[in-house]
1. When a/c reaches 1.5 or more, the comparison of a/b and b/c decides; with that in mind, is the stretch 253-349 rounded, prolate or oblate per its Cα gyration tensor?
2. Using +1 at the C-beta of Lys and Arg and -1 at the C-beta of Asp and Glu, which of 120, 327, 405 has the Cα lying farthest in the positive direction of the dipole of the chain?
3. May I ask for the distance between the Cα centers of the stretch 117-158 and the stretch 358-435, given as a whole number of Å?
4. For residue 262, enumerate residues with amide H under 5 Å from its amide H, sequence gap 5+ or separate chain, H modeled in the peptide plane.
5. How far apart, in nm, are two points set 7 Å out from the Cα along the Cα-to-Cβ line at residue 278 and at residue 342?
6. Where in the stretch 175-214 is the amide nitrogen less than 12 Å from a point lying 7 Å along the Cα-to-Cβ axis of residue 61?
7. Of 428, 32, which has the most accessible area and how do the rest follow, probe 1.4 Å?
8. In deg cm²/dmol, rounded to 500, what helix-only [θ] at 222 nm does the chain give when every DSSP H run of at least 4 residues adds -39500 (n - 2.57) and the total is split over its residues?
Amino acid sequence: RIPKRGRDELKTASNSKHVIVQRGGEFWKVDILRDNGAVVPAGEIMSCFRHILNSKPDPETPPVGALTTMDRDSWADARAKLEENPRNKEQLEAIDSALFAICLEDVDVQSFVHQQDTMLHGEGRNRWFDKSFQLIVLPTGRAAVNFEHSWGDGVAVLRYFNEVNDDTKKAPLPVETTAQSAPKKVTFEIDAGTKATITKACQDFDKLTASLNTVVMEYEGITSKYIKDKGLGLDGCLQMAFQLAHYRMFGHSVSTYESANQSAYKHGRTETVRSCTVESDAMCKVFADKNASRQAKDEALRKAVANHGRLTKEALMGKGWDRHMFALKHESKRQGKKLHPMFEDVANQKLGEIIISTSTLSSPNIDGGGFGPVGPNCFGVGYTTGRLRGVSDTSVEGKDGFACNVMSYNTRDTAGFANAIRDSLDDIRTVLDGK
């Protein structure tokens, strides 16, 4: 992804044969394909990484990668200034054309939440957030994929993740051998102005990440089998738990986003599932009514989950409306036409502010994952079901259940929302178990 004023560009380097390795504020170019397209033996690649690890980063090197954390227009301006120097333009081309980036992280991770935050954003100095994806590796060898979202979606990245993991398990441990092509350092010539821009980018990034909170919540027993045995859909039940959690905390329902993958279509990306509906709001009101019977709650829950299932199916098969309306609005603006009053309606604007943003991916090869809030009032909820890690409660480690990673700005009660999800799952389970 190349920053440009007004609109970025996506760039593909079809003949690329190298990756970019970042350590500290420094960059290294490592060939992983021969000129004839053959894969460089793992032992040689291992030797290249050994060389990089033995080369202590210079702490005085300005971390150019921090510029990719800036707002896009500011980064576009900073990049244009960098490219005025022919050498810098050549170095940027080496980064842009790399197959992907590998970030060798020096941080000593102290907890699971610290690991989550490190993999999502880290300190921003040894990242290049414009790459299609970055493979971030901790000193312990634990790795994560951090990917730029404009080119693709989580399902494609998860497939990459799973296939690499499976192949790694089958491959023999490499024996280090001398590389035919040694790693080449990618260096920039930074003037005082760009150095000041980098310093400010680091300061702004530190301020932004300091304003974020992350909470991991795990809940034993909510599994696909348990929900299926109750005659309901798992995702619908979990989405209703999120609705009930917000209603429990604030007394009203809010605009909610769930990603629906459209890989059934050749160029399909995603569509929005609107989890907050008339049915979900009615369910929340019934659950909040102290005089409501278990049967009334059960009926309201089933109605809301069934409706959510219908909306999900429609979104998966191209019958959603969010992307269509977004395209109409975008084209209207692009063509200089006056927006239809519908787009300026208060209700539509309220609908457009996502307060609960959710997405789910499941794999036995994933230890965790998540994403940041999409707005100042948003709760970002990445969730999954499967084997629990015992992050905050070691008694559930290795058991099956539900887990979520909740992120929001520190103006919101992140822990409170995670706990409200737990309480909502308690309520739903009590109703489903007929207690």
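The values are calculated or read from the model by the stated rules, or taken from the named source; none is laboratory data. Predicted model only: the values in this text are computed from it and were never measured. FYI the Cβ positions are ideal-geometry reconstructions off the backbone, even for glycines, and counts take in every protein chain you see. Accessible surface is based on the protein model in full, side chains and every heavy atom, while ligands, DNA and RNA are left aside. Shrake-Rupley method; radii C 1.70, N 1.55, O 1.52, S 1.80 Å.
1. oblate
2. Towards the positive end, the residue furthest out is 327.
3. What the calculation gives is 21 Å, centre to centre.
4. Under 5 Å from the amide H of residue 262: 269, 270, 271.
5. In this crude spin-label approximation the distance works out to 1.8 nm.
6. The answer is 184-189.
7. Details: 428 5, 32 35 Å².
If we order 428, 32 from most to least accessible, we get 32, 428.
8. My calculation for the chain gives -13000 deg cm²/dmol from helical runs alone.
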